[in-house]
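The values are calculated or read from the model by the stated rules, or taken from the named source; none is laboratory data. Since the structure is predicted, the reported quantities are computational estimates derived from the model, not experimental observations. Here Cβ is always computed from backbone atoms with ideal geometry, including for glycine, and neighbour counts include all displayed protein chains. Just the protein is used for accessible areas: all its heavy atoms, side chains included, with ligands, DNA and RNA removed. Shrake-Rupley method; radii C 1.70, N 1.55, O 1.52, S 1.80 Å.
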Amino acid sequence: MSALLLAVAVPGRPGSLRVTVRETPVPGVSAGPGPSCAHRVRVTLRGGGRGPVVDDHLRVGAQAPPPWPRLADVVVAAGTHAAAADGTAAAYPGAAVVAVARDAVRCRLRLGPYGGGYGDGYDSVLLGLHRRGPGAVSWAVWASLAHAWLVAGLPAAALASVTVRQLTGRERAVQSAASSSRRRSRSCTAAADSGRFTAV
């Protein structure tokens, strides 16, 4: 099992969401980051003036062996044009989130079940990646974050303007100390970017 701690800043909202992403490979399916993997994912969102939201889902690469892609809540694939997201969503209509990455810079996220709008009528969002420093959050993690975002009832359109930053080891220690002893510190401010991703 692997875990990431992220800070998600939403324009117009004070502070940031604290997000923990835990991934556990599905036994018998490729465990690597490639297109044939399958993971059980737990995303916990904290902050934003509400209690924590916990989202458990299955995230699968589109090239994973059957029946895994058809069972997935989140499907991650590679593609070279915007229509690839719609094609992938049509192939896996049960997925709430489809992420089609063109390269390390561009990814199209299609939110909501295929064949209809999601809640606020916003079906897809184009995400752009901007690196700062050595850290990197994968498109697969972005897709899992998007699923948790929908589960939390946050507006899909707002996902297009968030900034996601992976917290460093030092920041993780500060977060852990703050959560175990609220009297010590009420705020934990990140000191350095380990990776920055902005949706465009």
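Out of the residues in region 96-112 meeting the condition of being part of a loop (DSSP other than H, G, I, E, B) and touching a residue at least 24 places away in the same chain (Cβ under 8 Å), tell me which one is least open to solvent (accessible area, probe 1.4 Å). Steps first, answer last, please.
Within region 96-112, the first condition is being part of a loop (DSSP other than H, G, I, E, B), and the residues that meet it are 96, 102-105, 112.
Still in the running and touching a residue at least 24 places away in the same chain (Cβ under 8 Å): 96, 102, 104-105, 112.
Values: Ala96: 29, Arg102: 136, Ala104: 53, Val105: 72, Gly112: 4 Å².
The selected residue is Gly112.
Can you list residue pairs whose Cβ atoms sit under 6 Å apart, with the first residue in region 5-29 being more than 14 Å from Ala158 (Cα to Cα) and among the small types (Gly, Ala, Ser) and the second being open to solvent by 30 Å² or more (accessible area, probe 1.4 Å) and assigned to a strand (DSSP E or B)? Count only pairs 6 or more apart in sequence or on different chains.
Ala7/Arg165
Return yes or no: is Val125 in a strand (DSSP E or B) and modelled with pLDDT of 85 or more? If you could, list the steps in order and put the result at the bottom.
On the way: in a strand (DSSP E or B): yes; modelled with pLDDT of 85 or more: no.
No: the conditions fail for Val125.
So which strands (runs of 3 or more DSSP E) are wholly in region 1-61 and hold at least 3 residues that are in contact with a helix residue (DSSP H, G or I) (Cβ under 6 Å, 6 or more places away or on another chain)?
Numbers: elements: 2-9, 17-25, 38-47, 50-61.
Passing ranges, in order: 38-47, 50-61.
How many of the residues making up region 62-74 are outside any loop (DSSP other than H, G, I, E, B) and touching a residue at least 60 places away in the same chain (Cβ under 8 Å)?
Counting residues in region 62-74 that are outside any loop (DSSP other than H, G, I, E, B) and touching a residue at least 60 places away in the same chain (Cβ under 8 Å) gives 1.
Which pairs have Cβ atoms under 9 Å, sit 6 or more apart or on different chains, and link a residue in region 152-163 that is within 22 Å of Arg42 (Cα to Cα) and free of Cβ contacts under 8 Å to residues at least 40 places away in the same chain to one that is of a type in the set (Phe, Trp, Tyr) and crowded, with 17+ Cβ neighbours inside 10 Å?
Partner pairs satisfying both residue conditions: Pro155/Trp149.
Condition check: over 17 Å from Ser36 (Cα atoms), open to solvent by 40 Å² or more (accessible area, probe 1.4 Å) and without any contact (Cβ under 8 Å) to a residue 12 or more places away in the chain. Does Gly87 satisfy that?
yes
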